[in-house]
Amino acid sequence: MKKLLTLGLSITTAFAVLLLSGCAGVTAKKDTPMASYNKLIVRSINWSETATDKISGDETKEFVAAQPKLQGMFKEEFSKYVQKLGYFENVEYSDSMSEANALILEPRIASLDPGIRWVMPGMATYMGVLKTSDGKVVAKYTAKRTVGRPVYSSMMGAIETLISELGEDAASNIHQATL
């Protein structure tokens, strides 16, 4: 009976340690630059700031035409994950003037490379800048994503995957923002 109790206590302790260590990866809101803000306003991506050296010719036209769709894909994935962190009670997507008590996120895709089929994976770098309503930078953070380019993948297919997954990374990494 004593061995059974000891085993049960050991299993319970191990489970508790695993559970708590899983929560340790996300910084508490009070320890971040977002501590005094309950509302986040997310701006649209400014595509003119994106380095797209590997996209040329007709692909450039296709990329420009797809930017509204890519913005929506980024927003959709960002929305799924930002609420799970619990930092903000309200998340709004707007380019209009903002409220004084809201934090503004300016998402930027710093670089975008769709890769080469079977040869080189696609890569993208995200930079998030958090500002107050008067334009003061509160914090910055980054995320990187790499995706494989199977033989059947188009350039836009790789870009769509990169942007969508960067939306998840942008939301999931916001707790790492520092000045």
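Database remark: amide H of MET120 closer than 5 angstrom to no amide H (H placed geometrically; neighbours at sequence offset of 5 or more, or on other chains; Pro and chain starts carry no H).
Centroid-to-centroid, using Cα positions, segment 90-136 and segment 36-57 are 4 Å apart.
Peptides 167-175, 34-42, ordered by how many other C-beta atoms sit within 10 Å of their residues on average, highest first, read 167-175, 34-42. Of all DSSP beta bridges confined to segment 36-176, the antiparallel ones make up roughly 70%.
Bear in mind that the values in this text are calculations on the coordinates, not laboratory data. In this text, all values refer to a predicted model and were calculated from it rather than measured experimentally. Positions of Cβ are backbone-derived with ideal geometry, glycine not excepted, and every protein chain shown enters the neighbour counts.
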